[in-house]
Structures are given as C-alpha cells and as structure tokens.
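The values are calculated or read from the model by the stated rules, or taken from the named source; none is laboratory data. None of the values given here were measured: they were computed from a predicted structure. All Cβ positions, glycine included, derive from the backbone under ideal geometry; neighbour counts span all protein chains shown.
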Number of protein chains: 2
Amino acid sequence: MDDLYYHVDGELVPADSATVSVRDRGFTYGDAVFETLRAYGGDVFRWDAHAERLADSAAALSLDHGLSDAELKRRVDETLRANDLDDAYVKLSLTRGVQPGKLTPDPDVDPTVVVQVKPLPPGGTASAPIWDDPATLQTVKTRRMPDDALPSQAKTHNYLNGILARIELRVADADEAVMLDEAGNLAEGATSNLFFVADDALCTPRLDGPVLPGITRAEVLDIARAEGIPVREGEFAPDDLRGADEAFVTNTTWEVRPVETVDGIDVGGGPVTTLLRRVYDARVERDHYDGAASDERDHYDGASAE
Amino acid sequence: MDDLYYHVDGELVPADSATVSVRDRGFTYGDAVFETLRAYGGDVFRWDAHAERLADSAAALSLDHGLSDAELKRRVDETLRANDLDDAYVKLSLTRGVQPGKLTPDPDVDPTVVVQVKPLPPGGTASAPIWDDPATLQTVKTRRMPDDALPSQAKTHNYLNGILARIELRVADADEAVMLDEAGNLAEGATSNLFFVADDALCTPRLDGPVLPGITRAEVLDIARAEGIPVREGEFAPDDLRGADEAFVTNTTWEVRPVETVDGIDVGGGPVTTLLRRVYDARVERDHYDGAASDERDHYDGASAE
C-alpha cells in the first residue's frame, strides 16, 4: 500500500503488517485512548498539551498504563524519523492490551501502543491549508454522547457516535456534522470544535457540555485573548451558529477551517477568522520553522513529500 | 496461550497469531458489530435470532457488509469444528474493515470477520451454571448511552460505556452493574438484561429505552408466556428492583442467573426464577442434546473439555 513504518507495541514495523491481536481490548471494546498529533518541521506541535490530554483520557477510563510522556514521545519521534517525515499527521493510540476475555478490566495493564503516521505538507506562514474547501456544516439528529455515559474529555476509540453523525451527511451536501447535546444546544463537530463570531465576540460552546477540550480550540482562544478579541464560552443554540457573522471549525490537522454554510445557510469566514488563521500560522512558523526547531528541520532535510 | 484456532478474514489461524490491521476501523473506531453465541452439543443456540440481530446492528451503522447469514454461520461452524468444540462460547465480530484514514466511512465495505471461541461446559438439564455464584448488583453512576447517541439495538465494539459501569464496581462488592437511562429509570446490566418479580408478575425494562434486545431476554419472556406467568415490560425505578420478590439477570452465556443482592439489599431467587431456569435448560436439552442436534453431537464426540 505504501512504504510507511508504524510503531506497534515497542517495535517499528511496515504499516502493511502493523497489527494487534483480536483479543486486544482496543479491538474488542474500543478500550483505548488516542491523540491526533501534527508534526511541523520534525517536531510535534503542542506535545505537552496533547500528553496532558492523553493522560486525562486514560484517567477517565482508569487506564493506568505506566508509560511516561517521555517514552510515548520517544516512540512518536522514532516513527517520524524512521519515515523521514518532518511534516506529518500522527495518531498515537494506547489500549488496555490483551486481558482474559471478560468485560471488567484487570487493573494490571500491559498496554498496546500504536503510532501511525502519514505525510502532510508543511505548516506555518508559507503553508497552504490541508483541506480543499471551506467546511459545509449540517446539523444532524445523532446527539453527542452525554458526559454521564462517556466523559467527553476522554478521546477514545469508541467513535461510532461521530461516525453515525458523519453518515447522516451522505444525503446532505456537507462535510462536517454539527452535533447537539441532549438538551439541543450546540456541542461540537464530529471531529472538530465549533466557533462563530457574533456581536464582534468569538463564541464557542463551553467545556461543561459534551465537548472535547481541543488543543487547537485552546490555541485559538489564547490567540483571541492575546489579540484583544472578546471571547464567549457559553451555551448556544443552533440558530446562533446559523445566524453568525463568521464561523470556523478547528482540529489538529485542519487547524482553523472557515465555514462556508450551515444547514445550507451562507455564513462564511471574515476578518476575525482570517486574523486567527494568520496568527496561528505565525505561531507554527515561530515555534517550528524559524525558532528552536530549525536545527531539527535541517537534520530531517531528506524528508519525502509523498 | 492455548491451542485454539480463530477465524479471521476467511482463514482459520492459531489464536495467538489472530490479528487485525491497526488500520482496521474495528480497531481505530470500534466500528464493528458482534454477537456472543452459545454452542450446545455442536450447534449454536438460536442462530436465526442472533443472525437477525447482527443484521439489525449492521443496519443501524449503515454497514452493508454483503455477507449472507449462511456464510457467517459457515465460519462459526468451521471454527467450532477446527477446535473440536461442541460446547463453547463464540464471539462473532464483523468490522467495516480497512479504509483510507478518515472518519466518514466509505459505503463500499470490505469487512473483516473474526470468530473467537472458548470451551464451555455443556448446557441442558444436566448442566451446572457457568457462573460461580448468584449475581450481586450495584447501581452505578454511569448512565446507559441514549438511543439518539448510539442506538441500543446495535451491539457494537463501542463498549466503554459498559466498561466504565463495571469499573465503578471495583469499590463495591458486586459483579454486575445496574445501569439507568438518562431519566433515571432501570435500563440494563453492563452485559445483561434485568428481570424481577413483583406482584406475581415478571417485570423487565421495555425495549423503547436504551435496552439491548437480548436473545436470552426474548427466550425468557417466551417461556414466561408459555407458562402463564404475567409479564410486564415497562418503565421501572431502581427501587422496584431493590424491593422485588425475586430478581435475575440474563445473557447468552449466563443464561438465567439469580440475583443475590441489589445495592446491598437481599433480593434472591425464588420459584419463578427456578421455573424459568428449568424450562430454559429443558429447551436447550430438547433442541441440542436429545432432539435434532444429537447426530451432530455424536459427530463431534472427540470434543475436548479443556
């Protein structure tokens, strides 16, 4: 299929032969946590924030895996280097491993760690977005999983809720789902956080709802505050988004992606979205291409862009 | 680990080397459906009902796998025969397979089918239960996933909701969780359906709540009706179960398992539970050991009881 190497259970293996046991709880139950990471110039963006969220996810599942952040980072870096990749998508998964066949997990865990990568174009100020077009959003009937069923701060391999939302888009001409909470308020996209601009304020659903604390979400809020843009984290109705002056969605690979339409209604980007994108790119440039990471960038200069 | 053979993607393979790609959506997202089956005397109990539910699960996920019930049955039977197993636990899983790395599934599916087995003692009138003791139940804080987030009629590899419920039992001296729906009504156990006897009627949460339509549940209701026991499928409060005259839980491997206590309150089995267990065993005996299946039983007479 391709010549990539993945990291599985401590070993680098060709992607085509990267497997897990069918007895692994990651397969049997989706009993696993993960992070989607973005490498720019040979180094992972906001590793510390991702490592902290991975730890929160594991804690939410009482998954005491015993691996240090440094060890996980080492495996990610080793995978990037083995593939000569400076600019890449990285998925780091950590499962509860193989245990005797019963649902109740044993507290004693021998985790399975999987690192998958694929090449992406560079980021920063000279970058082109990795998405082809602005997002078209559609509100779906599938409701975001409530926190008392599965805590939203846990990023897990139980992803059917988002898949069902995306399947609803097949009949609509849309590429991201707007998911509501059980009360009918805006929650998030299937793989993104929602933002919009109303009354000159940047608005986004607050984290006490079933909303993943996105790393890009936090970065965008930090940029907005630094730029003096008023921020409202709150409880919002679908109509707030449909009637917004601007809207965008965020995740680690899309970064800041403007929204063209919501439920067929034109919304579009605008000056706030453009400013946030520019500053985001500038931060990536500063941290990964101009600044401290430039040595590593030279070091990995043989990276292929396949 | 053992000398079992599993069936993976059309091939029989030693269980220790039974794997799926880390790119398989069954691993990445828990994007898979399954059935837990019970083989008695060489043949699967209520195969037609399980096959129908598997089809319902796949339909709920828009997973159009293209495999006939007969082909799935063939793989199950082949696995039982390869292991010389007459009496066994069987887990049949069907994933959406490997697809390019994005959440939105491609309608064109090359499914991965996995059959895992392990030996169990025979069932029927001469059988001993496979559980050691009656169940001790504990009501947990984790709520059953609502239907509008993930339909309860779909039996999927997204099992963290039940795992979180079971983890809550670590501090209690209990072995099955009583899960409530979002409104606080009784839903089901983490891996079982709930039954209790009150005012001489057999009561169980109705299926319009987030309740899996258990095959054993349906069998028990059928037995109750045949025996003239009044049946109430309804909406019940946790106190209805705690104050019941008798209670039991059901699933394919436990069959009918009496409940000793609920939240530390003695409930226990009783005449209705005992009657239902006896008739259940008699039906297994009739269908799998005395009747039509006896030829096959002889045929597999070399079965090991390891």
Going by the conditions given, is A:V140 among the β-branched types (V, I, T) and closer than 23 Å to A:V33 by Cβ?
no
In the range A:123-134, the residues that are touching an Asp or Glu at 6+ places or on another chain (Cβ under 9 Å) and surrounded by fewer than 22 Cβ atoms within 10 Å (Cβ to Cβ):
A:G124, A:T125, A:A126, A:S127, A:P129, A:I130, A:W131, A:D133, A:P134
Matching residues in the range B:6-27 - criterion: being buried (at least 23 other Cβ atoms within 10 Å of the Cβ), in a strand (DSSP E or B), more than 7 Å from chain A (Cβ to nearest Cβ) and more than 21 Å from the chain's Cα centre (by Cα):
B:D24
Over the range B:94-106, the set of residues at the interface with chain A (Cβ under 10 Å from one of its Cβ atoms) and either touching a Lys or Arg at 6+ places or on another chain (Cβ under 6 Å) or not in a loop (DSSP other than H, G, I, E, B) (or both) is B:T95, B:R96, B:V98, B:L103, B:T104, B:P105
Leading residue by the ranking (farthest from the chain's Cα centre (by Cα)) among those in the range A:151-168 that are more than 7 Å from every other protein chain (Cβ to nearest Cβ) and part of a loop (DSSP other than H, G, I, E, B):
A:P151
Somewhere in the range B:67-78, is a residue touching a Pro at 6+ places or on another chain (Cβ under 9 Å) and not polar (S, T, N, Q)?
yes
Out of all the residues in the range B:208-231, which are more than 17 Å from the chain's Cα centre (by Cα) and not in a helix (DSSP H, G or I)?
B:D208, B:G209, B:E227, B:G228, B:I229, B:P230, B:V231
Restricting to the range B:68-93, what's the tally of residues that are aliphatic (A, V, I, L, M), away from chain A (no Cβ under 13 Å) and crowded, with 20+ Cβ neighbours inside 10 Å?
4
Say we look at the range A:107-118 and pick out the residues that are within 12 Å of another protein chain (Cβ to nearest Cβ) and modelled with pLDDT of 95 or more; which of these is surrounded by the most Cβ atoms within 10 Å (Cβ to Cβ)?
A:V114
Any idea which of B:T253, B:T274 is assigned to a loop (DSSP other than H, G, I, E, B) and in the same structural domain as B:V197 (by TED's automatic domain parsing)?
B:T253
Given the conditions (1) part of a strand (DSSP E or B); (2) touching an Asp or Glu at 6+ places or on another chain (Cβ under 7 Å), and given that A:K91 satisfies all but one, which numbered condition is not satisfied?
(2)
If you take the residues in the range A:257-275 that are free of Cβ contacts under 8 Å to residues at least 60 places away in the same chain and of a type in the set (A, V, I, L, M), which one is nearest to A:A190 (Cα to Cα)?
A:I265
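To keep it simple, each residue is scored yes or no on (1) touching a Cys at 6+ places or on another chain (Cβ under 8 Å); (2) not aliphatic (A, V, I, L, M).
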position	(1), (2)
B:F196	yes, yes
B:D199	no, yes
B:E219	no, yes
B:I229	no, no
B:D240	yes, yes
B:E260	no, yes
B:G264	no, yes
B:T274	no, yes
Options B:G42, B:G30, B:G26: the member that is more than 26 Å from B:T104 (Cβ to Cβ) and touching a residue at least 60 places away in the same chain (Cβ under 8 Å)
B:G42
Do the conditions hold for A:L194, that is, is it closer than 21 Å to A:F45 by Cα, within 14 Å of chain B (Cβ to nearest Cβ), of a type in the set (A, V, I, L, M, F, W, C) and not in a helix (DSSP H, G or I)?
no
Answer with yes or no whether B:D175 is facing chain A (nearest Cβ under 9 Å), surrounded by fewer than 23 Cβ atoms within 10 Å (Cβ to Cβ) and in contact (Cβ under 8 Å) with a residue 40 or more places away in the chain.
yes
Just one of the numbered conditions (1) within 29 Å of A:N161 (Cβ to Cβ); (2) in a helix (DSSP H, G or I); (3) touching a strand residue (DSSP E or B) at 6+ places or on another chain (Cβ under 9 Å) is not true of B:L80; which one?
(1)
Out of everything in the range A:135-146 that is buried (at least 19 other Cβ atoms within 10 Å of the Cβ) and in a loop (DSSP other than H, G, I, E, B), what residue ends up being farthest from the other protein chains (Cβ to nearest Cβ)?
A:V140
Out of the range A:232-242, which residues are part of a helix (DSSP H, G or I) and among the basic types (K, R)?
A:R242
Residue by residue through the range A:125-139, note down the ones that are at pLDDT 95 or above and within 18 Å of the chain's Cα centre (by Cα).
A:P134, A:A135, A:L137
If I filter the range A:28-65 down to residues being in a loop (DSSP other than H, G, I, E, B) and within 14 Å of chain B (Cβ to nearest Cβ), which single residue comes out as surrounded by the fewest Cβ atoms within 10 Å (Cβ to Cβ)?
A:D64
